[in-house]
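Structure record follows, encoded as structure tokens.
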Amino acid sequence: MNQGTYPLAASMINQINRLDQISNNLANNNTHGFKQDGLTETTFNHYLQRAQNEDFTPTKINIVTNNIPKIDAMYIDGEVGAIASTGNKLDFALEQPDTFFKLQDQNGDIVYTRDGAFKNSDGFLVDSNGNNILNTNNGPIEIDENVREQIGITQIAFTNLEKVGNNSFKLKDDNELLIFDNNDGLIIEGAIEKSNVNSVTAMVELIDAHRRFDQSQKAIKTIDEINGKVIDKIGSNTN
């Protein structure tokens, strides 16, 4: 294979990953408390340097291959979405960007969310999927005149979280979280946090990813056509 096709093919793969990520963000543009994902890109040389720093001697193939672009990581954008007033007493928004509600999922595990659009289910506070919202002691919350004061709030860095589905998170390290004794000054009653996806920016990124993919695809096709002409010319000269 022509060496020029390696970085072009890698770029196409990266753009496919970008398209998936941006499309998922756009699909959740109206999801309460949703946090969009982002991608970081680097080159194979970055991994070679990392290996050398870890006292491992990698084999360098050549300059072209070592500079192939690669997706380095996916990250969660923790920016707070717009806060919208609803007037609903069971809607709550979080004021700080790194704080979360606790809930118990269908598997019995404690997960975290910023979606505060809660409901009443048989006298208990639940999320839109029927999962119990938890108090400070990880117990279910009975709905009464003091429901707001019962809601448990935790503080967790986004780097210590990974997504469960689209709108909940689970901890990577159980020791790296802060549980508040009360939620004074941490939540807004009668409001919800909207998604932090900017649909205009996301659409621009989506178009850019499509264009980059098409450009790489056309470049590979051009290289293939040139190789074909060279082969035909060499073949004709040997006859």
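Computed quantities for the displayed model
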item: For segment 114-162, Kirkwood radius (reciprocal of mean inverse C-alpha pair distance, Å); result: 11.6 Å
item: Hull shadow area, averaged, segment 157-239 [alpha-carbon convex hull, nm²]; result: 11.2 nm²
item: Per-residue ³J(HN,Hα) for segment 85-99, Karplus 6.51 cos²θ - 1.76 cosθ + 1.60, θ = phi - 60°, Hz, x for Gly and Pro; result: 6, 10, x, 7, 5, 9, 9, 9, 10, 9, 7, 8, x, 10, 10
item: Pairwise centroid distance, computed over Cα atoms, of segment 86-120 with segment 126-182, Å; result: 6 Å
item: Those residues of segment 88-109 whose amide nitrogen sits under 16 Å from the label point placed on residue 179, 7 Å along Cα→Cβ; result: 100-105, 109
item: Length gained when the stretch residue 136-residue 198 is fully extended (0.36 nm per residue, less Cα-Cα span); result: 19.0 nm
item: Per-pair calculated FRET efficiency, R0 = 41 Å: residue 19 and residue 233 via Cβ, rounded to 0.05; result: 0.60
item: Accessible area of segment 103-183 belonging to carbon and sulfur atoms, whole % at 1.4 Å probe; result: 38 percent
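The values are calculated or read from the model by the stated rules, or taken from the named source; none is laboratory data. Because the structure is predicted, anything quoted here is derived from the model rather than measured. Glycine gets a Cβ as well: all are built from the backbone with ideal geometry, and neighbour counts include every protein chain shown. When the accessible area is computed, the model is the full protein with side chains, heavy atoms only, and any ligands, DNA or RNA have been set aside. Shrake-Rupley method; radii C 1.70, N 1.55, O 1.52, S 1.80 Å.
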